[in-house]
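Engineer: My questions will all concern the structure given below.
Computed from the coordinates by the stated procedures, all read-outs in this text should not be read as laboratory data. None of the values given here were measured: they were computed from a predicted structure. Heads up, the Cβs are rebuilt from the backbone with ideal geometry, glycines too, and the neighbour counts pull from every protein chain shown.
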Amino acid sequence: MSHHRIDKRFADLKHAGRKGLIPFITAGDPLPEATVHIMHALVAAGADLIELGVPYSDPVADGPTIQHSSERAIARGVGIKQILAWVSEFRQIDSTTPIVLMGYLNPIEIYGYARFAEQASMAGVDGVLIVDVPVEEAEAVAPLREMGLCEIFLVAPTTTDRRLAAIRARAEGFIYYVSFAGITGASQLDTAAVRARVEHIKQGGSIPVAVGFGVRDATSAVSVAESADAVVIGSALVAQLAATSDRDSAVAAAHAFLAPIRAALDQAVRR
Amino acid sequence: MSMNKPIPVSDFHAYPDAQGHFAEYGGIFMPETLMPPLEELTAAYLAMREDPEFIAEFERDLKYYVGRPSPIYHAERLSNKIGGAQILLKREDLNHTGAHKINNTIGQALVARRMGKRRIIAETGAGQHGVATATVCARFGLDCIVYMGAVDIERQKINVYRMKLLGATVVPVVSGSKTLKDALNEAMRDWVTNVADTFYIIGTVAGPHPYPMMVRDFNAVVGREARAQMLEQYGRLPDVLTACVGGGSNAIGLFHAFLNDREVAMVGAEAAGDGIETGRHAASLSAGRPGVLHGNRTYVICDDNGQITETHSISAGLDYPGVGPEHAFLKDSGRARYVGITDDEALAAFHELARTEGILAALESSHAVAQAIKLARELPKDQLILCNLSGRGDKDVHTIAAREGIEL
Ligand SMILES: Cc1ncc(COP(=O)(O)O)c(C=O)c1O
């Protein structure tokens, strides 16, 4: 089962006393030919898991940075078929870094659940986080789970305990805690509030908790990692990549952005 | 996913189920942050709709503020000219603000007020729902923010100004295709960010549960009234109902009370734009496929990568790439059928109704009139066609003049 790659990664992190670092990029942005190279660069810079965004025309949970990166990728015709081919290509060199596809349901629904499940798992995808599939509608994506793709769920500041229990009962791999009620790319991180919520989520079980939204640099990553098992960085990285104009500069920017955050996280843990 | 296999249904009024599903359509496909407020809204609304005081409040405003009931008018000269079945018009154009949209905005504003939410957001395409929302916010003293695509703001300047006169803030949306669907996206983003004090008044029977049910309930007054008026004025039910379908709120409003009257046929008129074969249309049910958009599963217009594509219609109010999930269910169950009406057919019907009956219909409603005319040609003289005249056409005179090369 492929989600063992995610479980193993979190187990190894825990064993080593390290915090997970999860970069998010939109597949195909800034340039389709750069995506696989950027993924390798992120791993080289210390990524523990990669979230690969599947572009969608109507991303209601995303702010302008990720909206625009999706629009650019869509304009270049990027779709699931190509993204899965990139994952296969990545896997020829890297067989250990877990990959989670993150996006919205319609592209998968139109692709076909069974077809997507089979091809994604063959390509080496480990999990899916579908932003607009709450636990109530999770049966829609049952074929993905059956093919061994890990179903990752969001928990929000608004999530009630009743919902949290239902999510915990279904979640695999890790729980993605959204640090504030808002869209990606906003900056309203309240570290104390995040810590309280993360500790509350952790009380109920052993599943790791990653925190995303509002993490943009080494400082915010370190403060969130005080309570979280892993941190997710999306918009800030996507914005760096958007400012590049060719493959090599995109790859260099990805590495330059992530490496200092990795170093800061490791240093904070050692202290 | 079954597409054409009819679903046997014993009671159409039993839908949706507790999770908002109309068979395989509908549901709640939303980010987790909005799930608790949606649960809260569903619980609050379900309690209110059983509360006699709430119902009385709603009905009082429909009567004294909106001006209900709206009459059923026999378009006799039009019917005689066609020479076939009789066309009857349900005159939603005579409501305050000039369309059916106010039925729903009054209802939702009352829900918002009872829930203690004083900041109202809404999306709008043509501006009709925006005007109806701004109107009720003024009426109830609520703050009103309307999201509107930058392209639509350019196309509908008069409605933008009307909203401002009513005290609303109109926020231009520059993402995506800068039209109605993007205004909806932006309103959702506002809601996710300001969820504690904000109520989102959605303008049609789309969005996540409970919106398709709640908006339908508030517009169902149209069909309830019409059913009683038919029995009173004609001693029988109509043979066919017809209504235009954008998101589908005026159509479901008319259809709902008749759904279990199996002898009453129902036809929804979608915007076929330049013609379905050109790809420039907004006919989600006639030419789209099952998918997920704006929180529910329904028929959508999208490409093979699942990207929602741009739609086209002369009427901004029908220019939407999805449709309410209950219509998807009615289509698959065979209870209603949905057909496309082109821009040209709608325009011709607009002129025909203006000249024969002295009624300027909204371009949206003109699609329903065009379909009623088609049906009348096919059916015998003693048959009754009830057409929902969802709105008046004053807002569209500039569009029509421009289309016909006339400078005002
Ligand atoms: C007069 C009129 N009719 C119909 C519509 C379409 O909406 P619905 O399909 O929800 O009735 C609109 C939308 O703006 C409208 O203004």
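Engineer: In peptide B:31-44, what is the residue-averaged number of other protein chain Cβ atoms found within 10 Å of each Cβ? Could you put the intermediate results ahead of the total?
Structural biologist: Details: counts 13, 18, 15, 7, 10, 8, 2, 2, 5, 2, 0, 0, 0, 0.
If you average over the peptide's residues, the count of other-chain Cβ atoms is 6.
Engineer: By the gyration tensor of its Cα atoms, with a ≥ b ≥ c the square roots of the eigenvalues, what is the shape of region B:268-408: rounded for a/c under 1.5, prolate for a/b over b/c, or oblate? Don't skip to the end; give the middle numbers.
Structural biologist: Values: a/c = 2.22, a/b = 1.32, b/c = 1.68.
Here region B:268-408 falls in the oblate category.
Engineer: Another question, if that's okay. Would you list, by chain and number, the lysines whose Cα falls below 22 Å from the Cα of A:Lys19, excluding same-chain residues fewer than 8 positions away?
Structural biologist: A:Lys8, A:Lys202
Engineer: If the cut-off is 21 Å between C-alpha atoms, which lysines fall inside it for B:Lys63, apart from same-chain ones fewer than 8 positions away?
Structural biologist: B:Lys90, B:Lys101
Engineer: Right, another one. Need one number: the % of Cα-Cα pairs in region A:4-270 sitting beyond the 23 Å mark. Working shown, then result.
Structural biologist: Details: 16813 of 35511 pairs.
Across region A:4-270, Cα pairs with separations above 23 Å total 47 percent.
Engineer: Let me ask something else about it. Which of B:Thr33, A:Thr219, B:Thr42, B:Thr124 has the fewest other C-beta atoms within 10 Å, and how do the rest follow up to the most? Intermediate values should be presented prior to the final figure.
Structural biologist: Working: B:Thr33 26, A:Thr219 12, B:Thr42 20, B:Thr124 32.
Neighbour counts put them in this order, fewest first: A:Thr219, B:Thr42, B:Thr33, B:Thr124.
Engineer: While we're here: Starting with the fewest neighbours, write out B:Ser79, B:Ser366 ranked by other beta-carbon atoms found within 10 Å of each beta-carbon. Working shown, then result.
Structural biologist: Details: B:Ser79 22, B:Ser366 33.
Sorted ascending by nearby Cβ count, the order is B:Ser79, B:Ser366.
Engineer: Under the 0.36 nm per residue contour assumption, what length would be gained going from the current alpha-carbon distance of B:Asp344 and B:Asp382 to full extension? Let's see the in-between values first.
Structural biologist: Values: separation 38, 0.36 × 38 = 13.68 nm, distance 2.86 nm.
That pair, B:Asp344 and B:Asp382, stretches by 10.8 nm at full extension.
Engineer: Separation of region B:286-303 and region A:10-62 by C-alpha centroid, Å?
Structural biologist: 29
Engineer: Expressed as a whole number of Å, what is the distance separating the alpha-carbon centroids of region A:174-252 and region B:164-200?
Structural biologist: 26
Engineer: In chain B, once you exclude exposed trypsin sites (Lys or Arg not before Pro) (DSSP loop, at most 15 other Cβ within 10 angstrom), what's the longest stretch remaining? Present the calculation step by step, with values, prior to reporting the outcome.
Structural biologist: Details: sites that count: B:Arg118, B:Arg236, B:Arg262, B:Lys381.
By the stated rule (loop sites, at most 15 other Cβ atoms within 10 Å), B:263-380.
Engineer: For a distance above 19 Å, tell me the whole-number percent of Cα pairs in region A:24-142 that qualify. Could the numbers behind the result be given before it?
Structural biologist: Numbers: 3045 of 7021 pairs.
I get 43 percent for the Cα pairs in region A:24-142 exceeding 19 Å.
Engineer: Here's something else I'd like to know. Nearest 0.05, what FRET efficiency do A:Ala243 and B:Arg262 give at R0 = 45 Å with Cβ-Cβ as r? Before the final figure, lay out the partial values.
Structural biologist: On the way: r = 62 Å, r/R0 = 1.38.
Rounded to the nearest 0.05, the efficiency is 0.15.
Engineer: Please rank B:Leu34, B:Leu180, A:Leu241, fewest neighbouring Cβ atoms within 10 Å first, as an exposure proxy. Working shown, then result.
Structural biologist: Numbers: B:Leu34 25, B:Leu180 32, A:Leu241 21.
Listing B:Leu34, B:Leu180, A:Leu241 from fewest to most nearby Cβ atoms yields A:Leu241, B:Leu34, B:Leu180.
Engineer: Tell me the relative contact order for chain B as a rounded percent, counting alpha carbon contacts under 8 Å between residues six or more apart.
Structural biologist: Taking the mean separation of contacting Cα pairs over the length of chain B, I get 21 percent.
Engineer: Further, regarding this structure: Which of rounded, prolate, oblate describes chain B, given a ≥ b ≥ c as roots of the alpha-carbon gyration tensor eigenvalues and a/c under 1.5 marking rounded, otherwise prolate only if a/b is larger than b/c? All intermediate terms of the calculation are to be shown ahead of the outcome.
Structural biologist: Numbers: a/c = 1.30, a/b = 1.23, b/c = 1.06.
In terms of gyration-tensor shape, rounded.
Engineer: A further question follows. Give the relative contact order (percent, whole number) for region A:4-270; include only Cα pairs under 8 Å separated by 6+ residues.
Structural biologist: On the way: 497 pairs, mean separation 64.8, N = 267.
So the answer I get is 24 percent.
Engineer: Also, quick follow-up: Could you compute the FRET efficiency for B:Ala354 and B:Ala150, with r as their C-beta to C-beta distance and R0 at 35 Å, rounded to 0.05? Don't skip to the answer; put the middle values down first.
Structural biologist: Working: r = 31 Å, r/R0 = 0.89.
Result of the calculation: an efficiency of 0.65.
Engineer: Could you compute the net charge surrounding A:Leu42? Neighbours are other residues with a C-beta less than 12 Å from the C-beta of A:Leu42; K and R count +1, D and E count -1. Walk me through the intermediate numbers first.
Structural biologist: Values: positive: A:Arg262; negative: A:Asp48, A:Glu51, A:Asp94.
Residues near A:Leu42 contribute -2 overall.
Engineer: Please report how far the C-alpha centroid of region B:257-284 lies from that of region A:74-102, rounded to the nearest whole angstrom.
Structural biologist: 40
Engineer: Could you check the simple spin-label distance between A:Glu146 and B:Ala138, using points 7 Å along Cα→Cβ, in nm with one decimal?
Structural biologist: It is 5.6 nm.
Engineer: Let me ask something else. Pull out a ≥ b ≥ c, the square roots of the eigenvalues of the alpha-carbon gyration tensor of the protein assembly as shown, then state rounded if a/c is under 1.5, prolate if not and a/b is larger than b/c, and oblate in the remaining case.
Structural biologist: Values: a/c = 2.10, a/b = 1.96, b/c = 1.08.
Here the protein assembly as shown falls in the prolate category.
Engineer: Enumerate the aspartates and glutamates that B:Lys117 could reach by cross-link, defined here as Cα to Cα under 18 Å, with residues fewer than 8 away along the same chain left out.
Structural biologist: Within reach: B:Glu39, B:Glu40, B:Glu57, B:Asp143, B:Asp190, B:Asp197.
Engineer: How far, in nm, would the chain grow between A:Ala256 and A:Gln188 when pulled straight, counting 0.36 nm per residue and subtracting the alpha carbon separation?
Structural biologist: Result: 22.0 nm gained on full extension.
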